[in-house]
1. Give the residue from ILE105, SER58, ASN128 lying farthest towards the positive end of the charge dipole for the chain; charges sit on Cβ (+1 for Lys and Arg, -1 for Asp and Glu) and the dipole is referred to the Cα centre.
2. Between ARG44, ARG52, ARG70, find the one with the highest GNM mean-square fluctuation for the chain; connect C-alpha pairs within less than 10 Å.
3. Tell me the mean residue ellipticity at 222 nm calculated for the chain from its helices only (DSSP H runs of n ≥ 4, each -39500 (n - 2.57), averaged over every residue, nearest 500).
4. Shape call for the chain from the C-alpha gyration tensor, a ≥ b ≥ c root eigenvalues: rounded (a/c under 1.5), prolate (a/b greater than b/c) or oblate?
5. For ARG52, what residues show an amide H to amide H distance below 5 Å, using hydrogens built from the backbone and excluding near sequence neighbours?
6. Starting at the first residue of the range 43-60, write each ³J(HN,Hα) from the Karplus equation 6.51 cos²θ - 1.76 cosθ + 1.60 with θ = phi - 60°, in whole Hz, x for Gly and Pro.
7. Exceeding 31 Å between C-alpha atoms, which entries from my cross-link table qualify? They are LYS9/LYS123; LYS98/LYS123; LYS8/LYS144; LYS98/LYS144.
8. I want to check the label-to-label distance for SER36 and ASP162. Put each point 7 Å from Cα in the C-beta direction and report it in nm to one decimal.
Amino acid sequence: MEEQRRDKKLAIQTSEIQQGFPESIHHNRYEPTPYSLLDQLFDRYSLSSSDRLVDFGSGKGRLNFYIHHRFGAQTAGIEMDPDFHRQAQENLQAYEKKRKTGGSIRFIQCLAEEYKVEETDNKFYFFNPFSVQIFIAVVNNIMKSYEQRAREIDLILFFPSDDFMGYLAQRTPFEVAEEIEFPSSGKNLRERFLIYRLSVY
């Protein structure tokens, strides 16, 4: 009920979890990050209106609307599924009836590894959306963008996999900047947010 209540406040519909599984073994099913956990993350990790966050596997756009409502920051949602992309666009139309975004929320239908990282993109969110092979390709694209325009870049991982963490630790200059655990997570080490940072040297 809480998820639906928060959706209603934003005039969007994002609560339903995808039934079944994607056809590709490289992609995981859509499941939005619970609002309560987004609250815990962003109570400790703040954004500014000059930030631009990219959500890979954005589904129906919950994170994008949450961030715009709370911080006024720009976001891009990258989603390969045409039906989810359509629903995100419908949510955007409904959201804009209450809050003008000025184009600061964008939804792009494409494969994650085909997204052309923009020089203003500086925060990247991953809720375990795909395999480590795709993750490596995406991080390589982010690194290329950094080489073209150096800026501080954060990767925000929710429910991080060992493969993702191993790759970042062993093959990239990203370093863990912050770890946000949940009080109710017990001993499940994956139930946390990890923020990896690439600073300007």
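What follows draws every value from the coordinates through simple rules; no lab data is involved. Source: prediction; values computed, not measured. Quick reminder, even Gly has a Cβ in these numbers, built from the backbone with ideal geometry, and neighbours come from all protein chains shown.
1. The one lying farthest along the dipole's positive direction is ILE105.
2. ARG44
3. Value at 222 nm, helices only, nearest 500: -11000 deg cm²/dmol.
4. Rounded shape, in that the Cα axes give a/c under 1.5.
5. When sequence neighbours closer than 5 places are left aside, the close amide H contacts are ASN122, LYS123.
6. With the stated coefficients, the range 43-60 comes to 6, 10, 10, 9, 10, 10, 5, 8, 7, 9, 9, 10, 9, 8, x, 6, x, 8 Hz.
7. LYS8/LYS144; LYS98/LYS144
8. The modelled label-to-label distance comes out at 2.9 nm.
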